[in-house]
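Following: one structure in structure tokens, then a few remarks.
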Amino acid sequence: MLASEYTEARIVADDMAGESSGAVKRTGAHGLIAEPSGEQIVAKAADRESEDTETPHLDNAADSDMESDEELELNRMISNIGFGRYQRRVLALCGLGWTADNAWMQCTACILPRVQRHYGVSNAKIGLMSSSMFLGLMCGALVWGPVSDRFGRLIPYKWTLVVSATFGLLASASPSFPFLCACLFGLGSGVGGNMPVDGAIFLEFIPREKRHLLTMLSVFFSVGSVVTSAVALALLPPFSCPDAGACDVATQNNGWRYLLVAVSLLTIVMVVLRNGWFRLYETPKFLLQNRRRADVVMVLKKVATFNGKRHARDAQQSPILDGPESGEAHAWLEWPEADADCASQRADANRVSRGWMRSAMRRVRGAANIKSHVTLLRPLLAPGLRRTTLLVWAIWGIVALGFTMFNVFLPKLLETHAPPRPGHATQAAVYRDALVYAISGVPGSLLGAWLVDTRLGRIYSMVLATGISGAALIGFAFAAKARVSALTVVASSVFGLTSTLMFAVIYAYTPEVFRPAVRGTACGMASAVGRVAGIVAPLVTGLLLEISTSVPLYVSVALLWMAAGCMFMLPIETRDIAA
């Protein structure tokens, strides 16, 4: 799809979100978005009335033409600031959310065989444990995504990991299998908001020319799996029942509890780093979507100051901004109406501070208003974006189903096909192979960051990685059946590399293809669809394992290749489109 068609689709989405229908499609000589003149923007800005800034105004937005003008100017301002210390810290802190997400999923996979023996759960029912986790992840994605669009990115950013750590500690003290499943649901409801919200936060702080770094978040995703696998290797074999013989599970099989405590403590450290070590500001694009232009200026000035910025690159090319010759520090960040809005916004802030209880109650009622959340889906299903939205959601669901059927049961699959060894030797070998598999995924994220900016772009990089992932699973199935440990490790490592690359590109593509006004909702819904697949996958895999351990692997191959077909049909390549 050309950039002009993409622009038209986005404008239609804005119309459906409640903005004026007077938007016009603007294309340049080569189909690219034409930047408006400074005089046109200033003239339009002078006619705008100041609006209330306390809550989002998706239903009363101004015309899409003006919104696009402001968004273009904001993108130019963010590019002028560049990628500095602030953006690097945002990358690290948002990456911690992705680390926690995969750390907990890998933790669930690692403890699954130990929990199965502890409570005597059958293969057909042990999938309930992972399904409870994914049910929570789905609910978390459904709740935190819309909340971030209505009330800001910072609320989910601050609270998701707090919820996760709390339920993780409760899970470690589970007296029964149902109680453990309930705690894993609560845990997932917290960590489920990390990926869609943290990805949106990072994307909305970085220049367009640095958007390929969004795939770097997947490095943190892989690191979460590596850390959990390493801790599991240290804790599970010595503190679990041996592979054969009698065992008192109450005293000899508590390694899985220790692992839950360890990951919970790691999550608490992340909470401290995210909420205490560094202050994150609300994203400029969320503020702009809610008409808080004075706050946009304030945030950008603070980011520029933190980066040590003394002047903007190519500031004179920005007709809407005051040039650096004015002598005022960061004058190039001035926005039309910023001074006029400041007074009213400060007054609003004072009123909110005096009536903080009323404001909090309004926000709680707004968060519980399901109808208002549902209306956020309308622009995603507008004619110009319907095909993209449905394909993206299908990709997330199919990929999650195929990947989870293998990933969640990897320790069990390795243990089933491992040659017999005395004592805890088999468990040690299984978790060592799982650690190698986790480590193999780290280069995949780095490769993805490079590959998306090549001629392959986002779409063909996804297709290539997904196709190879399916082929690697075929190799794993043959190697596991033949009990050739070396080939099993090689095949699983290839899958770890290419599947991480695949997810890195999917995670980068999804927030790029949607506007900031609905980005949190779109990403949250996509994540929720993936979590639904994650709920189903362990249950289906548990039933298929009763037939043969190879059947789930071949089903995963078919699903991954089906997802590759959906990727091929995506109409929008986002490599050269501003986010």
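The values are calculated or read from the model by the stated rules, or taken from the named source; none is laboratory data. A quick note: this is a predicted structure, and the numbers were derived from the prediction, not measured. Here Cβ is always computed from backbone atoms with ideal geometry, including for glycine, and neighbour counts include all displayed protein chains. Each accessible area value is taken on the protein alone, full model and side chains, heavy atoms only, with ligands, DNA and RNA left out. Shrake-Rupley method; radii C 1.70, N 1.55, O 1.52, S 1.80 Å.
In segment 67-187, one over the average inverse separation of all distinct C-alpha pairs is 16.9 Å, which is the Kirkwood hydrodynamic radius. Solvent-accessible area assigned to carbon and sulfur over segment 167-211 amounts to 72 percent, based on a 1.4 Å probe. In the full protein context, segment 167-247 carries 29 Å² of accessible surface per residue, based on a 1.4 Å probe and ignoring ligands, DNA and RNA.
Might you tell me the accessible area per residue for segment 496-579, computed with a 1.4 Å probe and given in Å²?
27 Å²
One chain, two ends: Leu390 and Phe278. Fully extended at 0.36 nm per residue, the span grows by 36.6 nm beyond their Cα-Cα distance.
Nonpolar atom fraction for segment 534-579, defined as the carbon and sulfur part of the 1.4 Å probe accessible area, stands at 76 percent. With each label modelled as a point 7 angstrom along the Cα→C-beta vector, the Arg88-Thr416 pair spans 4.7 nm. Note on Ala246 and Ile474: with the Förster distance fixed at 30 Å, the Cβ-Cβ geometry gives a FRET efficiency of about 0.15. Note on segment 427-455 and segment 493-538: Cα centroid distance 17 Å, given to the nearest whole angstrom. Centre-to-centre separation between the Cα atoms of segment 227-244 and those of segment 120-191: 23 Å. Taking all protein chains together and a 1.4 Å probe, the residues Asp69, Asp433, Asp453 rank Asp453, Asp433, Asp69 from largest to smallest accessible area.
Given their separation in residues at 0.36 nm each and the Cα-Cα distance between them, Val484 and Lys302 gain 59.8 nm when the chain is fully extended.
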